[in-house]
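First the structure, which I've put down as structure tokens, then a few questions once you've had a look.
The values are calculated or read from the model by the stated rules, or taken from the named source; none is laboratory data. It should be emphasised that the depicted structure is a prediction, and the values quoted were computed from it without experimental measurement. Note that each Cβ is placed from the backbone with ideal geometry, even for glycine, and that neighbours are counted across all protein chains shown. What goes into the accessible areas is simple: the full protein's heavy atoms, side chains included, and nothing from ligands, DNA or RNA. Shrake-Rupley method; radii C 1.70, N 1.55, O 1.52, S 1.80 Å.
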Amino acid sequence: MFRDLMRVEIELFSSCNRSCAWCPNNYIVRECGTMQDKTFSSILQSLKIGNFEYKSSRYEKKVITLNGYSEPMMNIDLLKSRVSEIRDVLPAVEPCINTNGDFLTAENLKGLFLEKVSIMDYDRKSKDYWVKKLESCGCKIIEIEDSKISAIHNNISYLSVELSWIDSIELETRGGVLLKHEESRELFEKTPVRSEPCYEALYYPVINYNGSVMPCCHMRSDTHSDMVIGNVNSSTLEDLWLSDRWVDLREIFLSKDLSTYPEYCKTCIKSRSINTDVSAHLKNRYRHETSTNEIANCNLSRLRSVESNIINRRRNEE
């Protein structure tokens with residue numbers, strides 16, 4: 001079921017210590033909250049049942065990133081606990097975070113068994129600053145480039161500092177949210193227009209701290225309430241995947257017809273290069289899970305019955 005997902009983003013809590021001009025947090029007061037223990041655990045169990053760990057030649061790695069619109073290192077004890085749980089339940093999956101680096105200390109990195117930490121240099125600090133910062137945290141510098149510093153740590157496979165982050169990226173509208181506010185609208189010379197297909201809803205779902213499942217990382221339940229797929233506090237992730245709501249969204253994005261996209265997506269330029277041949281997508285997903293005849297000539301909507309059979313069988317095996 002979840003074998004084709006490449007990354008799942010789980011937001012542990014709603015807080016961030018910064019209010020950046022390019023982030024909705026700067027314009028919208030967000031309710032404070034933390035994902036419940038049982039909710040987080042149920043997500044991991046659903047991903048395990050759905051074979052998220054499966055890797056094929058198309059996918060070199062499977063990732064869970066613990067971000068959302070929060071700063072994950074603000075609650076370092078919770079972050080360490082969640083990373084440990086991911087390692088226990090889904091050992092083949094790589095837990096990662098993006099961070100602003102404000103809470104980067106030797107003590108905070110101790111016992112934090114992440115695969116990757118991406119540090120965003122929002123303040124245009126110097127290379128010397130970040131080299132000293134990383135070394136003070138017990139990291140070993142392995143490469144210094146014009147736009148990036150790479151390092152390793154005893155319990156973190158890879159750390160990178162994206163130098164002068166705001167100068168090196170093409171700013172995105174966060175699902176149109178930044179176009180609604182005068183101050184943030186000025187960040188764009190003109191209104192962006194999507195020109196390429198988007199596959200976020202197929203491969204990169206996001207689960208907000210309150211359990212809301214969103215089709216991509218730019219959307220969250222308070223800014224895009226009409227794009228909420230469902231909530232894992234009241235439904236399993238497997239049931240939501242099979243729901244009309246998520247199936248219809250996947251069908252829209254698989255069609256590559258930009259005119260059918262939600263309005264939020266039409267001013268978003270986020271795009272990843274992925275092989276999305278629909279026939280191959282359907283036939284390859286379950287070739288090891290069920291008979292060839294069962295998925296022959298199967299369209300996206302009919303996959304619900306196929307996936308449902310697989311889920312029930314796995315639950316019985318548990």
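Within the set of pairs 6 or more residues apart or between chains, which connect a residue that is under 13 Å from PRO24 (Cα atoms) inside segment 173-190 to a residue that is loosely packed, with under 14 Cβ neighbours inside 10 Å with Cβ atoms less than 6 Å apart?
Going by the 6 Å Cβ cut-off, the qualifying pairs are LEU179/ARG185.
Out of all the residues in segment 77-129, which are part of a strand (DSSP E or B), open to solvent by less than 10 Å² (accessible area, probe 1.4 Å) and either among the acidic types (Asp, Glu) or under 20 Å from PHE40 (Cα atoms) (or both)?
PRO95, ILE97
Something else now. Answer yes if at least one residue in segment 182-192 is outside any helix (DSSP H, G or I) and buried (at least 17 other Cβ atoms within 10 Å of the Cβ), and no otherwise.
yes
Any idea which residue in segment 11-21 is farthest from SER84 (Cα to Cα), counting only those that are of a type outside the set (A, V, I, L, M, F, W, C) and open to solvent by 30 Å² or more (accessible area, probe 1.4 Å)?
Here the residue is SER19.
To keep it simple, each residue is scored yes or no on (1) open to solvent by less than 50 Å² (accessible area, probe 1.4 Å); (2) in contact with a strand residue (DSSP E or B) (Cβ under 8 Å, 6 or more places away or on another chain).
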residue	(1), (2)
ASP4	yes, no
GLU9	yes, yes
CYS23	yes, no
GLU31	no, no
ASP37	no, no
SER42	yes, no
SER46	yes, no
GLY50	yes, no
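Are any residues in segment 156-169 touching a residue at least 24 places away in the same chain (Cβ under 8 Å), among the hydroxyl-bearing types (Ser, Thr, Tyr) and open to solvent by 60 Å² or more (accessible area, probe 1.4 Å), and if so, which ones?
If the condition is that a residue be touching a residue at least 24 places away in the same chain (Cβ under 8 Å), among the hydroxyl-bearing types (Ser, Thr, Tyr) and open to solvent by 60 Å² or more (accessible area, probe 1.4 Å), then SER157, TYR158 are the ones that fit.
Now for a different question. On the given criteria, is LEU134 over 27 Å from VAL83 (Cα atoms), aliphatic (A, V, I, L, M) and in contact (Cβ under 8 Å) with a residue 24 or more places away in the chain?
no
Can you report the number of residues in segment 85-119 which are in contact with a strand residue (DSSP E or B) (Cβ under 9 Å, 6 or more places away or on another chain) and among the small types (Gly, Ala, Ser)?
Of the residues in segment 85-119, 2 are in contact with a strand residue (DSSP E or B) (Cβ under 9 Å, 6 or more places away or on another chain) and among the small types (Gly, Ala, Ser).
What do you reckon, is GLU172 farther than 24 Å from LYS38 by Cβ and either outside any strand (DSSP E or B) or open to solvent by 30 Å² or more (accessible area, probe 1.4 Å) (or both)?
Details: farther than 24 Å from LYS38 by Cβ: yes; either outside any strand (DSSP E or B) or open to solvent by 30 Å² or more (accessible area, probe 1.4 Å) (or both): yes.
The answer is yes for GLU172.
May I pose another question? Only one residue in VAL206, VAL177 is closer than 17 Å to CYS23 by Cα, open to solvent by less than 10 Å² (accessible area, probe 1.4 Å) and modelled with pLDDT of 95 or more. Which one? Explain how you work it out, then say what you get.
Values: VAL177 fails: modelled with pLDDT of 95 or more.
Going through VAL206, VAL177 in turn, the sole match is VAL206.
If ASP37 satisfies every condition in (1) farther than 30 Å from GLU189 by Cα; (2) touching a helix residue (DSSP H, G or I) at 6+ places or on another chain (Cβ under 7 Å) but one, which is the exception?
(2)
Same structure again: If I go through segment 137-155 residue by residue, how many of them are outside any strand (DSSP E or B) and either aromatic (Phe, Trp, Tyr) or surrounded by 15 or more Cβ atoms within 10 Å (Cβ to Cβ) (or both)?
Looking only at that region, the number is 3.
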